[in-house]
Amino acid sequence: MGRCAIGAIFHTVSVETGRARAVGRAEDVPRRVLFHCEEMRELAEQVVARNDDIELRSISWRKFADGFPNLFISNAHTIRGRHVAFLASFSSPSVIFEQLSIIYALPKLFISSFTLILPFFPTGTSERMEDEGDVATAFTLARILSNIPISRGGPSSLVIFDIHALQERFYFGDSVLPCFESGIPLLKSRLQQLPDSDNITIAFPDDGAWKRFYKQLQHFPMIVCNKVREGEQRIVRIKEGDPRGRHVVIVDDLVQSGGTLIECQKVLAEHGAAKVSAYVTHGIFPKNSWEKFQPDNGEGPEHGLSHFWITDSCPLTVDAVKDRRPFEILSLAGPIASALQI
């Protein structure tokens with residue numbers, strides 16, 4: 001047999017062997033890798049539990065003696081050629097810098113693609129410049145995230161749930177691919193499980209919430225409230241819709257102090273609602289403002305809420321209200337796992 005023929009056979013065997021090894025690696029090793037910040041550990045574990053194709057990895061979040069981050073990505077060479085995601089929580093300015101350091105480092109490790117999952121975009125309430133000197137920090141954060149380095153697969157992807165101001169969708173530059181998701185499907189699924197699911201009416205605390213969510217909830221009867229100023233007070237009133245005899249669910253994207261939600265609860269109770277519940281995607285509750293919300297204990301909506309649903313986009317809040325009525329957590333683990341398959 002000639003040398004060329006032997007070489008051809010050897011080449012064929014080598015190619016087939018290499019292909020078999022590649023198939024073996026593809027079967028044995030998940031294609032996707034998920035890193036997370038410390039706050040998001042529990043949610044990251046839930047995401048991985050829902051999808052066998054995602055491997056959970058950790059980062060060493062050490063600090064130097066002066067307090068600056070001393071970060072380390074273990075076995076960084078093993079993520080080459082894989083699809084990598086990072087689950088972030090920018091719960092306070094003090095944790096943003098160390099996470100940005102990781103976010104900017106991961107795409108440079110010869111990975112196939114990079115996805116940043118930031119369930120709550122935290123500067124959303126600071127998106128306007130109304131007076132000379134105002135600083136729109138929402139735009140600043142969007143600019144920072146728009147400059148995440150590209151990976152071998154191209155621009156990084158960014159997954160955000162129910163961003164606060166709709167115009168913020170346009171703050172991101174062309175170097176990142178933002179994907180805007182919503183927690184409303186979780187709410188709809190939960191409402192279908194209620195014994196009075198055929199008696200639900202959705203209430204919006206203002207026109208902004210209605211514009212944001214009405215298309216996703218249009219098969220429910222709706223109530224729209226608004227805030228009017230009377231002297232030094234801002235009073236919530238019903239603009240349209242009828243709550244009489246209904247289980248009314250107030251829907252908004254986020255809650256801070258909770259004052260508006262409580263005023264909505266009161267006016268709906270005064271107009272004959274049988275029950276009042278609430279849903280927000282992001283339960284922020286600074287200074288433990290969640291303590292304002294009490295369960296109705298079956299005594300009627302004037303005494304409290306039947307349910308208060310929030311997602312786990314703000315993990316510090318989840319830790320505070322877990323197992324405390326009327327709160328119930330709707331996990332984003334499923335939607336995040338689905339988003340990583342895109």
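Of GLN256, GLN46, GLN218, the residue with the greatest mean-square motion in the GNM of the chain, using alpha carbon springs below 10 Å, is GLN218. Ignoring any ligand, DNA or RNA, what whole percent of the accessible area of the chain comes from carbon and sulfur when the probe is 1.4 angstrom? Of all accessible area on the chain, carbon and sulfur atoms account for 51 percent.
DSSP finds beta bridges in region 224-321, and of those with both partners inside it, around 35 percent are antiparallel.
Computed from backbone phi with θ = phi - 60° and the Karplus coefficients 6.51, -1.76 and 1.60, the 3J(HN,Hα) list for region 216-230 is 7, 10, 6, 7, 9, x, 10, 10, 10, 9, 8, 9, 10, 9, 10 Hz; x is used for glycine and proline. Solvent-accessible surface of region 184-311, averaged per residue with a 1.4 angstrom probe and all protein chains in place: 47 square angstrom. Neighbours of PHE327, meaning other residues whose beta-carbon lies under 14 angstrom from its beta-carbon, give a summed charge of -1 when Lys and Arg score +1 and Asp and Glu score -1. Pairs of lysine residues in region 184-311 that meet both criteria, 8 or more places apart or on different chains and Cα atoms under 15 Å apart, total 7.
Annotation: amide H-H contacts under 5 Å for VAL159 (H modelled 1.01 Å from N, sequence separation of 5 or more, or interchain): LEU116, ILE117, LEU118, CYS179.
Local charge sum around HIS36 (other residues, Cβ-Cβ under 14 Å, Lys/Arg +1, Asp/Glu -1)? Every neighbour counted, the sum reads -4.
Let me have the 222 nm mean residue ellipticity of the chain computed from DSSP H runs of 4+ only, each contributing -39500 (n - 2.57), with the sum over all residues rounded to the nearest 500. Dividing the helical sum by the residues of the chain leaves -9000 deg cm²/dmol. Only the Cβ atoms of Lys and Arg (+1) and of Asp and Glu (-1) were treated as charged; on that basis the dipole of the chain about its Cα centre amounts to roughly 1280 debye. Here each label is just a point 7 Å from Cα along the line to Cβ, and for ASP53 and SER189 those points are 1.8 nm apart. Rounded to the nearest whole Hz, the Karplus-based 3J(HN,Hα) values (6.51 cos²θ - 1.76 cosθ + 1.60, θ = phi - 60°) of region 151-158 follow the sequence 9, 4, x, x, x, 6, 9, 9, with x at glycine and proline.
Farthest toward the positive end of the dipole of region 184-311, out of VAL248, THR201, GLN216, is the Cα of GLN216, where the dipole comes from beta carbon charges about the Cα centre.
Net charge within 15 Å of GLN192 by Cβ-Cβ distance, Lys/Arg positive one each and Asp/Glu negative one each, not counting GLN192 itself? After counting each charged neighbour, the total is -1.
Amide H to amide H, with H built 1.01 Å from N, THR201 comes under 5 Å of HIS247, VAL248, VAL249, counting only residues 5 or more places away or on other chains.
Helices assigned as whole DSSP H runs in the chain whose Cα atoms extend at least 24 Å along their own long axis and whose mean Kyte-Doolittle hydropathy is -0.5 or higher are found at 3-28.
The values are calculated or read from the model by the stated rules, or taken from the named source; none is laboratory data. Keep in mind that this is a model prediction, so the values were computed, not measured. FYI the Cβ positions are ideal-geometry reconstructions off the backbone, even for glycines, and counts take in every protein chain you see. Surface accessibility is based on the protein's heavy atoms, side chains included, excluding ligands, DNA and RNA. Shrake-Rupley method; radii C 1.70, N 1.55, O 1.52, S 1.80 Å.
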